[in-house]
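Here's the structure, in structure tokens; my notes come after.
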Amino acid sequence: MGDLAKIFKAYDVRGVVPDDFDEEIAEATGAAFIRVTGATRIVTAHDMRASSVPLAAAFARGATSQGADVVEAGLGSTDLLYYASGSLDLPGVMFTASHNPARYNGMKMCLAGARPVGQDTGLRDIRDLVAAGVPPYDGPVGKVERRDLLAGYAAHLKTLVKLDGIRPLKVVVDAGNGMGGHTVPAVFEGLPLDVVPLYFELDGTFPNHEANPIEPENLRDLQAAVVAHKADLGLAFDGDADRCFAVDERGEIVSPSAITALVAERELAKYPGARVVHNLICSAAVPEIIAENGGVPVRTRVGHSFIKKTMADVGAVFGGEHSAHFYFRDFWFADSGMLAALHVLAALGEQDGALSSLLASYDRYVASGEINSEVADQAAAVARVGAVFAGRAGVTVDELDGTTFTGDGWWFNLRASNTEPLLRLNAEAGDERTMAAIRDEVLAIVRTEEAK
């Protein structure tokens, strides 16, 4: 059956089809999912990749072979699957490889109420059962029911953000040939929006650019279109439309940390004094703005399973990540790029200024962005950096996720990749000169041994 450890990641299943991940594995995983969760009914959805339909069908065969019924929602975004899981109170599985290239596919699993399934919450047990072989079920097979949930999903999102009375806006939307092309028309219908669509055609080969807006080159078409159409803003979604990036009226990329701060401020206006979760890579402006608006900032590790668990543990109303994942208590603590987009549209439409002016107070620091270095011995590289920085006056060190060094007016974090020989650097400071100096010094230390 291949190397299951290679495709069962920390939060999901993902691999090259059919080399690493195929229908046999999908079917066995469907059976194991039912055994491990004890579910008698589940819901599934899938993206537009050519392999998604047969993989979803194979998973359903495995699930029904164990006596469970399957509600097939069909084409959908990942947050549509979370809506289905939450509204139907069923465990769910989304078939997607998100922003990965066309040859990949995968599965994102959740328990009823969109509660995440990760290595420590069932995914490891599912993998082990697949490897051992799922015992046959001695009983009647389950049934498959097909249900269109798109209209319900769109209507539900619009109950969570007040959009009545906003001024008309022109918005360019780059769906990247991903699931945003399916969900945006349904969600934006009836709103005072003049939408300029880019790459709404569902095409899992991604003929125009990768559906990964965290890479700046994949936002160039959107930036150009916003300027050319004199639009108020631009929005870009990744392949499964669970992440959303924004571009302002000048064609400038908006930091996801600024969006986190904006949405946090809006949620705190509804829920005064509430807790808001942010991962440790978010800008230092985020906890500052949360506190300034009477909220309680809660810092956590990177990754959706950590964010969701922390949010549930502390009852947070909202959570944001530097990677443009945004999580909402009112959406079953799950992430929704579309819901974040609606907040941005509402905030912009409720006042007369430009998006760049609206967000100016949230951009307080200069960030490096995530910089990857290929390093054979990641621990040794971090130790070298620590030997230089840890002894400096006023520098503090913490190891919540990777290692974070904080000094006077700056911080940087080094985290090792879970799947590749990469060390990831994020740095931030109060001005460009300080940030560049810290960034370059750290990179020089990290890469010294590799250059020998």
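Restricting attention to region 337-349, does a residue exist that is out of contact with any Lys or Arg (no Cβ under 7 Å at 6 or more places or on another chain) and not aliphatic (A, V, I, L, M)?
no
Run down 400, 345 and say which single residue is surrounded by fewer than 17 Cβ atoms within 10 Å (Cβ to Cβ), under 23 Å from the mean Cα position of the chain (by Cα) and among the hydrophobic types (A, V, I, L, M, F, W, C). Before you say what the answer is, go through the steps one by one.
On the way: 345 fails: surrounded by fewer than 17 Cβ atoms within 10 Å (Cβ to Cβ).
Exactly one residue qualifies, and that residue is 400.
Answer yes if at least one residue in region 271-281 is surrounded by fewer than 23 Cβ atoms within 10 Å (Cβ to Cβ), within 15 Å of residue 343 (Cβ to Cβ) and in contact (Cβ under 8 Å) with a residue 12 or more places away in the chain, and no otherwise.
Scanning region 271-281, I find at least one residue that is surrounded by fewer than 23 Cβ atoms within 10 Å (Cβ to Cβ), within 15 Å of residue 343 (Cβ to Cβ) and in contact (Cβ under 8 Å) with a residue 12 or more places away in the chain, so the answer is yes.
Condition first: touching a helix residue (DSSP H, G or I) at 6+ places or on another chain (Cβ under 7 Å) and surrounded by 22 or more Cβ atoms within 10 Å (Cβ to Cβ). Now tell me which residues in region 255-267 satisfy that. Working first, answer last.
Let us first name the residues in region 255-267 that are touching a helix residue (DSSP H, G or I) at 6+ places or on another chain (Cβ under 7 Å), namely 257-266.
Residues satisfying the conditions are 257, 258, 259, 260, 261, 262, 263, 264.
Checking residue 379 against (1) in contact with a His (Cβ under 9 Å, 6 or more places away or on another chain); (2) open to solvent by 70 Å² or more (accessible area, probe 1.4 Å); (3) hydrophobic (A, V, I, L, M, F, W, C), only one condition comes out false. Which one?
(1)
Taking region 320-342 as the region of interest, how many residues are small (Gly, Ala, Ser), in a loop (DSSP other than H, G, I, E, B) and either surrounded by 24 or more Cβ atoms within 10 Å (Cβ to Cβ) or in contact with a Leu (Cβ under 6 Å, 6 or more places away or on another chain) (or both)?
To start, the set of residues in region 320-342 that are small (Gly, Ala, Ser) comprises 320, 323-324, 334, 336-337, 340-341.
Now drop any that are not in a loop (DSSP other than H, G, I, E, B), which leaves 323-324, 336.
Right, trim to either surrounded by 24 or more Cβ atoms within 10 Å (Cβ to Cβ) or in contact with a Leu (Cβ under 6 Å, 6 or more places away or on another chain) (or both) and you get 324, 336.
Total satisfying the criteria: 2.
Assuming residue 154 fulfils every condition listed in (1) modelled with pLDDT of 95 or more; (2) farther than 17 Å from residue 38 by Cα; (3) open to solvent by 30 Å² or more (accessible area, probe 1.4 Å) apart from one, which condition is it?
For residue 154, the exception is condition (3).
Let me spell it out: the conditions are (1) open to solvent by 50 Å² or more (accessible area, probe 1.4 Å); (2) within 16 Å of residue 119 (Cβ to Cβ); (3) assigned to a loop (DSSP other than H, G, I, E, B); (4) not β-branched (Val, Ile, Thr), and residue 18 meets all of them except one. Which number is the exception?
It is condition (2) that residue 18 fails.
Picking from 295, 234, which residue would you name as being open to solvent by less than 30 Å² (accessible area, probe 1.4 Å), farther than 30 Å from residue 75 by Cα and of a type outside the set (Ser, Thr, Tyr)? Full working, then the answer.
Working: 234 fails: farther than 30 Å from residue 75 by Cα.
Testing whether each residue is open to solvent by less than 30 Å² (accessible area, probe 1.4 Å), farther than 30 Å from residue 75 by Cα and of a type outside the set (Ser, Thr, Tyr) leaves just 295.
Does residue 374 count as acidic (Asp, Glu), open to solvent by 70 Å² or more (accessible area, probe 1.4 Å), touching a strand residue (DSSP E or B) at 6+ places or on another chain (Cβ under 9 Å) and over 30 Å from residue 9 (Cα atoms)? Give the steps one after another, and end with the answer.
Working: acidic (Asp, Glu): yes; open to solvent by 70 Å² or more (accessible area, probe 1.4 Å): yes; touching a strand residue (DSSP E or B) at 6+ places or on another chain (Cβ under 9 Å): yes; over 30 Å from residue 9 (Cα atoms): no.
Spelling it out, it is not the case that residue 374 is acidic (Asp, Glu), open to solvent by 70 Å² or more (accessible area, probe 1.4 Å), touching a strand residue (DSSP E or B) at 6+ places or on another chain (Cβ under 9 Å) and over 30 Å from residue 9 (Cα atoms).
Please work out which one of (1) open to solvent by less than 30 Å² (accessible area, probe 1.4 Å); (2) touching a strand residue (DSSP E or B) at 6+ places or on another chain (Cβ under 6 Å); (3) of a type outside the set (Val, Ile, Thr) is the condition residue 287 fails and give its number.
Exception for residue 287: condition (1).
Could you check region 350-360 and list, in sequence order, the residues that are within 20 Å of residue 251 (Cβ to Cβ) and either open to solvent by less than 10 Å² (accessible area, probe 1.4 Å) or not small (Gly, Ala, Ser) (or both)? Let's see the steps before the verdict.
Kept after step one, since they are within 20 Å of residue 251 (Cβ to Cβ), are these residues of region 350-360: 353-360.
Once the filter is applied, which keeps residues that are within 20 Å of residue 251 (Cβ to Cβ) and either open to solvent by less than 10 Å² (accessible area, probe 1.4 Å) or not small (Gly, Ala, Ser) (or both), region 350-360 yields 355, 358, 359.
For region 359-371, give me each residue that is in contact with a strand residue (DSSP E or B) (Cβ under 9 Å, 6 or more places away or on another chain) and of a type outside the set (D, E, K, R). Break it down stepwise before answering.
Keep residues of region 359-371 that are in contact with a strand residue (DSSP E or B) (Cβ under 9 Å, 6 or more places away or on another chain), which gives 359, 365-371.
Of everything in region 359-371, those that are in contact with a strand residue (DSSP E or B) (Cβ under 9 Å, 6 or more places away or on another chain) and of a type outside the set (D, E, K, R) turn out to be 359, 365, 366, 367, 368, 369, 371.
What residue, of 336, 356, 257, is of a type in the set (S, T, N, Q), touching a residue at least 60 places away in the same chain (Cβ under 8 Å) and over 26 Å from residue 165 (Cβ atoms)?
One residue alone meets the criteria, 257.
Quick check, is residue 427 farther than 28 Å from residue 174 by Cα, free of Cβ contacts under 8 Å to residues at least 24 places away in the same chain and either in contact with a Gly (Cβ under 7 Å, 6 or more places away or on another chain) or not charged (D, E, K, R) (or both)? I'd like the intermediate steps shown before the answer.
Values: farther than 28 Å from residue 174 by Cα: yes; free of Cβ contacts under 8 Å to residues at least 24 places away in the same chain: no; either in contact with a Gly (Cβ under 7 Å, 6 or more places away or on another chain) or not charged (D, E, K, R) (or both): yes.
No: the conditions fail for residue 427.
Going by the conditions given, is residue 364 open to solvent by 50 Å² or more (accessible area, probe 1.4 Å), touching a helix residue (DSSP H, G or I) at 6+ places or on another chain (Cβ under 7 Å) and closer than 24 Å to residue 290 by Cα? Break it down into steps so the answer makes sense when it comes.
Details: open to solvent by 50 Å² or more (accessible area, probe 1.4 Å): yes; touching a helix residue (DSSP H, G or I) at 6+ places or on another chain (Cβ under 7 Å): yes; closer than 24 Å to residue 290 by Cα: yes.
So residue 364 passes the test.
Which of the residues spanning region 383-421 are of a type in the set (S, T, N, Q) and either within 21 Å of residue 434 (Cβ to Cβ) or free of Cβ contacts under 8 Å to residues at least 60 places away in the same chain (or both)?
First, pick out the residues of region 383-421 that are of a type in the set (S, T, N, Q): 396, 403-404, 406, 413, 417-419.
396, 403, 404, 406, 413, 417 - these are the residues of region 383-421 that are of a type in the set (S, T, N, Q) and either within 21 Å of residue 434 (Cβ to Cβ) or free of Cβ contacts under 8 Å to residues at least 60 places away in the same chain (or both).
Say we look at region 240-254 and pick out the residues that are farther than 17 Å from residue 196 by Cα and in contact with a strand residue (DSSP E or B) (Cβ under 9 Å, 6 or more places away or on another chain); which of these is most open to solvent (accessible area, probe 1.4 Å)? Spell out the reasoning first.
Filtering region 240-254 down to residues farther than 17 Å from residue 196 by Cα leaves 240-243, 252-254.
Filter once more, keeping what is in contact with a strand residue (DSSP E or B) (Cβ under 9 Å, 6 or more places away or on another chain): 240, 242-243, 253-254.
Working: 240: 0, 242: 2, 243: 12, 253: 74, 254: 10 Å².
Only one residue tops the list, namely 253.
The values are calculated or read from the model by the stated rules, or taken from the named source; none is laboratory data. Here the structure is a predicted model, which means the values were calculated and not measured. Reconstructed Cβ throughout: ideal geometry from the backbone, glycine too, with neighbour counts over all protein chains shown. SASA here: full protein model, heavy atoms, side chains in, ligands and nucleic acids out. Shrake-Rupley method; radii C 1.70, N 1.55, O 1.52, S 1.80 Å.
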